[in-house]
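Structure first, then comments.
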Number of protein chains: 4
Amino acid sequence: MSAQKIGEGDYILLYLSQRKTYLIKVEAGKSFHTHKGFIKFDDLVGREYGSSVLSSLGIEFIALKPLLRDYIMKSVRKTQITYPKDIALIVVFSGIGPGSCVVEAGTGTGALTTALAHFVKPKGKVYSYEIREEFLKTAEKNLKRANLFDFVELKNKDVTIGIDESDVDAVILDLATPWLVVPNAYNALKSCGTIVSFSPTIDQVVKTVEALNENGFVDIESVECLMRGMQVERGKTRPQTLMTGHTGYVTFARKTAKP
Amino acid sequence: MSAQKIGEGDYILLYLSQRKTYLIKVEAGKSFHTHKGFIKFDDLVGREYGSSVLSSLGIEFIALKPLLRDYIMKSVRKTQITYPKDIALIVVFSGIGPGSCVVEAGTGTGALTTALAHFVKPKGKVYSYEIREEFLKTAEKNLKRANLFDFVELKNKDVTIGIDESDVDAVILDLATPWLVVPNAYNALKSCGTIVSFSPTIDQVVKTVEALNENGFVDIESVECLMRGMQVERGKTRPQTLMTGHTGYVTFARKTAKP
Amino acid sequence: MSAQKIGEGDYILLYLSQRKTYLIKVEAGKSFHTHKGFIKFDDLVGREYGSSVLSSLGIEFIALKPLLRDYIMKSVRKTQITYPKDIALIVVFSGIGPGSCVVEAGTGTGALTTALAHFVKPKGKVYSYEIREEFLKTAEKNLKRANLFDFVELKNKDVTIGIDESDVDAVILDLATPWLVVPNAYNALKSCGTIVSFSPTIDQVVKTVEALNENGFVDIESVECLMRGMQVERGKTRPQTLMTGHTGYVTFARKTAKP
Amino acid sequence: MSAQKIGEGDYILLYLSQRKTYLIKVEAGKSFHTHKGFIKFDDLVGREYGSSVLSSLGIEFIALKPLLRDYIMKSVRKTQITYPKDIALIVVFSGIGPGSCVVEAGTGTGALTTALAHFVKPKGKVYSYEIREEFLKTAEKNLKRANLFDFVELKNKDVTIGIDESDVDAVILDLATPWLVVPNAYNALKSCGTIVSFSPTIDQVVKTVEALNENGFVDIESVECLMRGMQVERGKTRPQTLMTGHTGYVTFARKTAKP
């Protein structure tokens, strides 16, 4: 099989170092400016992904093909995004996969939406609710850039009032009052469907767990996940000094049948 | 849409409590014995998933539909399995998704294989290498139970000697000497393909990161993930006393093009 | 200076391995039985601390001199003891030291009392309140064994009703309702005296912080401390699998002067 | 007993908020400038510790009496200081207390020295080794400010070459090559004396543990301690986002008698 080539209009992840990367669109005739000199896109078009290129100052950059995590981390954002470590837990705990039908709320700028769409494509669908219209525009932009907009339906509706879909595999919540959505989620889910909620505060977790207990859910579990980077160098290896101390708690539950 | 019914031959997750669940096959005319009495499978066939059933001692159980995480946690095992929290990170960091072509080594009893197959199906494929033949039999059993065997090719081969596949999207390693596989992984990967390695010890991480540096990989990152459960009860909420202190480090990198 | 000798009536820490130790009293003519054979105390009397001795089965034990941490961990207990990591934080955050005058509640079986007495001796004093009389007997036994009873006054009184002492340097709380003690603590403390409270649940922390805010305390801070052991062996070093996930939160504050 | 008054020449901790404090010396006739206006020292002299004072801009500050932790955190520093959480562990694990005789190396700018002196005073002594003369001047200044210089002997000597003292209770190491000090530490310690070493990297820990094993130490234990602050507010309580991910590992051991 032939190697993949960088084309006009493609998104690339321009890599300088593990801490310095840029998610940009390749535009013929143009160039991209950094503090280490500029890169001419014409030097990249037609070359293999993963190729290196020199900036005007002679600094080496590498043109990588963006991955899911890059689209998440580099999403145009207006809110705090959900972290990849939490998205990873949400996806695996929810049990969703290719072909799943998922309701999400709120969309925010679409970071979690991007991940959900990535894993349910091409036959699955994400119905994503958001009451703040301006966020939906940003989310649409982020999803289109990641080539995942076809698998998402963005809905400018209040999920606490109602969920249009039924028999869905999972309801994924990342909003301020997840407990208000629990009865609607029960109705929207198929038998044994899952609900996963992400919340920064303990009080949100307590209220959500209570609502789940009162609304026919079982196997309720709340966890938090701490991720710490390692500084790896022979003879000097150690955990990194800087670490995110908290993002939020992930609460998981499964729907039981009505008695 | 009609609710899903439990059928003869289906696997169910019989749920007593968050800590006590059983992954079992429904067999007409038989029953399943627990310390809380036995369950007759005939009481379950034809009922909706998520339904409750009483044991011979009058204790309520719920017949849930197994999720990916259940198949992972309940896999018949001979080795220590990779934890869902680590599997979650591996999947999301690797960038794989529906349709991806993945090389994995070693198979072990197939817990990680199960997750990879779940996310690349139906068009993708997992090529999983394992030198210990007895493990492959267990892995096959675990994969069949999870209905994912069609998306996996189990190979009784030594991945440090060679990888048959090429142009793969990701190479996922969970074996004692990942650094020995790095050159083969480079050759098997497509441009910008990813490698993800899971290792319990720091020395394994150091050797693997060195091999990645020397073999054309960039964006090398090693992390560990700590997951802690919360005991949620209004007025008494607190983190759980018991916690797994360490499973392993996840190391991630991307292939660059040959200069 | 001559080395310290083991004497009749002394307490020793009999050490088999990092995980297997015994805090016992040396009694002439008697012996101590373990699953690795028995030790005759007469083999120990008059020997240097740190000496090794063989059991009746030829297994080597070492007779160590007990340290503060040993007295804490081996305290005869009826309640969950406060962990050394938390005791360490409490002592250092409270600002106490030799000569300090400290009020503690509740005594429990005296683990924290032992540490406080150890650090304020010989001129300081710990006034320790406990409403459950049976605990005070155990605490007295534990304190006497550690040779620290002279620096403690055990009080069978309810600290939420009143504190007899005044102008104390610190009030240290490890009881179910610390917030109820805050006004009394304010009155008992000298200017800029400290209060430190240890509580397992988040609700206790919230109520205590509120009471501190309302009662003239500043610099209020709540932290939790996670300690993880390392398994150290060249080429195989890694964090330990088992870990205590939670003991409690430590809340600290300082008294301001009345306006 | 009368309340403590702020005097000319005293050090105070000027408190604006939990995150904004100043450790300063009270000098009659002078003032202290902050971004929230200046404070006249004459407004403070003769007042009770813990009193509030208004700045020239009408902002309230509180004049607190500095505690051990303040002297540690506000030490004039040229190196990274040891964190209070680690100092707490070191002190409690080492078993030292009032009257103990301790060897420390290296002094650095004296943060750990300050804590050790605080806990061994008034009869104990800290012998602190440091090869870099310029650090000793800073350490002296920091110790004098905390009123603890009388309990310390600063030594401009290389501890890897020799330790002058003998029969000491503990040897505390915070330097780049602790393993080189282990044989000297053995000779300097009394029977069952303790050694505690603080090191940021895993390789330092491995080498130190090996040296301890080879030089007559037992009960060897290495741990790391993670401290996370809580943001406490009714209805919004959560762990803090920012956290120090790593400072170092604390390794502990006890001397056995020569066979």
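Every number in this text was worked out from the coordinates using simple rules, so none of it is lab data. Just so it is clear, the structure is predicted and the values come from calculations on it, not from any experiment. All Cβ positions, even for glycine, are placed from backbone atoms using ideal geometry, and neighbour counts span all protein chains on display.
Comparing B:33, B:246, B:118 in a Gaussian network model of chain B, where Cα atoms under 10 Å apart are tied by springs, the biggest mean-square fluctuation is seen for B:33.
Calculated mean residue ellipticity at 222 nm for the protein assembly as shown: -7000 deg cm²/dmol, from DSSP H runs with n ≥ 4 weighted as -39500 (n - 2.57), summed, divided by the residue count and rounded to 500. Shown for C:94, D:166: other C-beta atoms within 10 Å of each C-beta, ranked fewest to most, produce the order D:166, C:94. Label-point spacing at residue D:183 relative to the other copies reads 4.1, 6.6, 7.8 nm, in ascending order, each point sitting 7 Å out from Cα along Cα→Cβ. Looking at segment B:14-171 alone, DSSP beta bridges between its own residues are antiparallel in about 50 percent of cases. Take each residue in B:198-211, count the other chain C-beta atoms within 10 Å of its C-beta, and the mean is 5. Sparsely packed loop sites in segment D:13-83 (the trypsin sites (Lys or Arg not before Pro) outside DSSP H, G, I, E and B with at most 14 other Cβ atoms within 10 Å) comprise D:19, D:30, D:78. Cross-linked pairs D:25/D:141; C:25/D:255; D:5/D:85: Cα-Cα separations exceed 24 Å for D:5/D:85. Mind checking the angle between helix D:111-120 and chain D's longest principal axis? C-alpha axes, 0 to 90 degrees, to the nearest 10. Helix D:111-120 sits roughly 80 degrees off the main axis of chain D. Per-residue shielding of B:107-120, expressed as the average number of other chain Cβ atoms within 10 Å of the residue Cβ, stands at 1.
The residues packed around residue D:181, meaning those with a beta-carbon under 14 Å from its beta-carbon, carry a net charge of -4 if Lys and Arg are +1 and Asp and Glu are -1. Counting from the shortest, the label point at residue B:29, 7 Å from Cα toward Cβ, is 7.6, 7.8, 10.7 nm from the same position in each remaining copy. Partners of residue C:258 within straight-line reach, counting aspartates and glutamates whose Cα lies under 19 Å from its Cα and excluding those fewer than 8 residues away in the same chain: C:165, C:167, C:169, C:210, C:214, C:219, D:43, D:48, D:60. Electrostatic bookkeeping for residue B:99 treats Lys and Arg as +1 and Asp and Glu as -1; over the other residues with beta carbon under 10 Å from its beta carbon, the sum is +3. A Förster radius of 45 Å combined with the Cβ-Cβ distance from residue C:31 to residue C:153 puts the calculated FRET efficiency at roughly 0.75. Take each residue in D:213-220, count the other chain C-beta atoms within 10 Å of its C-beta, and the mean is 3. Counting beta carbons within 10 Å around each of B:31, C:75 and listing the fewest first gives the order B:31, C:75. Candidate cross-link partners of residue D:137 among the lysines, defined by an alpha-carbon separation under 18 Å and a same-chain spacing of 8 or more, comprise D:74, D:78, D:155, D:157. The lysines within cross-link reach of residue D:36, meaning a Cα-to-Cα straight distance under 16 Å and a gap of 8 or more places when in the same chain, are D:20.
Applying both filters, DSSP loop and at most 15 other Cβ atoms within 10 Å, to the GluC sites (Glu not before Pro) of segment B:194-239 gives B:233.
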